[in-house]
Structure formats: C-alpha cells, structure tokens
Amino acid sequence: MAIAILIIVFLPVWFAALFVMLTFPLAWWVFPGGGSRGPQDTLASRVLGGALVVLAEWAATAWVILAFPYRFHRNAGPRRRLQPGRVPVVILPGHSENALTMFFLERRLDRALRVPVRALSPARYYGRLERLADEYKVQIVQWMEEIGADRVDLVGHSQGGVLARHLAEAGLLEGKVRTVITLGTPHLGSALAVMLPGRNARQMRRGSAFLEALNAGNRPPGVQFAGICSTHDNLVLPWHCGLSPRGDNYIIRYRGHLTLILSKEVVRLIVQELVRK
C-alpha cells in the first residue's frame, strides 16, 4: 500500500518535472520573445524570476496530472443564489483538464464576485473542438436553467478559451453570453500542439483551419472580450499567439501556462474585467 501511494504521488511529480524541463527551454531559447525582458529587469531579477516561474509551473503541472483521472468530477450545485441583475460565471478547462483542475480558480472567483461560479468537466478529453463545444453547450444551458440565469460570463483556460469563443461567436449560445475572458489561449495556435494527443490538439496547431475560420469570423454583437496571456507561457509558443484578436489584452510576466489557473493576479484581472462590465 505504501509503495502504491508513493507511486501515485511521486510519478506525477517526476513527469511534471520532465515536462517543465522540456517546455521552458523551447519557450525561452527556441521561439522568439519567450520570457521577454522588462525595462527595469536586472540579471538577478531575471534569474530569480525564471527560477520561481519554473518551480511554480512544476507544481501546477503536477496538480493537473494528479487531477487528470477525475474527469467525472462534478460540483454538487451552485453555492450561491443568483441575485437579480447579476451574471453567473462558467469556467471552461483546457486540454486534458477538468473541473477539479479549476478548483482553486473557481473558489477564488466565487469569493471575489459573490455570484454562482461553475467549473465544467468535459464529456471527453479528446475529439473535435466542434463536438466538445456542443457538449459544453448542453451543460451550460442546463445549469443556466437550474439557477434562473439569462446570460453568463465565460472564462476559458487554454483550449477552454478557444471553446468559449466558439460558443459565443458561432451562435451556439446566441444571446446568452455577456463576456468571454480567455487565459493563456492559443488564439493563433501553438507550435507545441503537435506534442499533445487528440483531434482537438491538431485543431490548435498554428494555421489550423479551425482557428483560421474562428479568427476570420465577425465579432458577435453584445459580447465583450478580454484576453490574459503571459510572456513566460511555456505551452503557447510563441507566447504572443496567446494575444486575443477580440477586445483588450492583459499581458503579465513570470506566469507559466498552467500557473495561470492558480494565480491570484489572474483572478484580480478577471474580477476587474467582469465588475467593470
């Protein structure tokens, strides 16, 4: 039993370490602009900041791997009643992520916004993005009916941001979306998508037909957009492919791709954007 526990705990930790050691060198030295310098940076601040972002991303990657088997995890229900005039929030996880992965982001948004917040789990990890979006649509509409909501704010991490945009821009949730906020989303694709499994990963490669069609479409009326990306993203490569073609962009530093979902700074930006609406 003790050996089994050690394997369950330490295998994700070692796999996460290997993954981080592979992706950060690619992000910083192979692709242009990775870990971009700030005007006040010194050698010491860059070294310390680089070390901290790698350690944080290591922990975040281990968390995602540990949560991976719990795709069927579902929240029991809304923790708060929807007050008149308020808009609930739906969180869409990224590739190979689920509701448990989004646990900390969900809790922090719930406390900060004081509206119902629901992180969804995918019906399947891998498949065409169009199919994943259709399955999320069913979950979102059902939850909105349960809490009596007319509109919803969508927050999507990575692939979840692509799906949030597709839901809003392809008319799947026409008239039901107020705001779309994307976190570390490969709007222009990612060079590392070739390393990930599934048809959905192939659709997030640079120059994919899906992303080209999505970015060429018209912005839906009445929907506000904002994007949050990091110059130290180790999965969206180059990092500027995470800049949203819709709405404002918040560019932060010293946050890895998966660290974004654990970052209090990201929560502050999301809350700032949603309260402003």
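Quick note: the coordinates plus some simple rules give every number you see, no bench work behind them. All values derive from a computational prediction rather than experimental measurement. Counting neighbours? That spans all protein chains shown, and the Cβs are built from the backbone with ideal geometry, glycine included.
Structure notes:
- Between residue 177 and 152, the built amide H atoms are under 5 Å apart, and every one of these is 5 or more places off in sequence or on another chain.
- Calculated P(r) tail over 22 Å for the range 87-225, as whole % of Cα pairs: 32 percent
- Between residue 15 and residue 248, the contour length at 0.36 nm per residue exceeds the alpha carbon distance by 80.3 nm.
- The charge dipole of the chain, taken about its Cα centre with unit charges on the Cβ of Lys, Arg, Asp and Glu (plus for the first two, minus for the last two), comes to roughly 420 debye.
- For 89, 54, the sequence from fewest to most other C-beta atoms within 10 Å is 54, 89.
- Peptide ranges 17-25, 256-264, 241-249 listed from the most packed, as the mean C-beta count within 10 angstrom indicates: 256-264, 241-249, 17-25
- Estimated D of the range 96-160 in µm² per second, where Rh is the Kirkwood radius over Cα pairs and Stokes-Einstein applies at 37 °C, 0.692 mPa s: 257 µm²/s
- The orientation-averaged projection of the convex hull spanning the C-alpha atoms of the chain amounts to 15.0 square nanometres.
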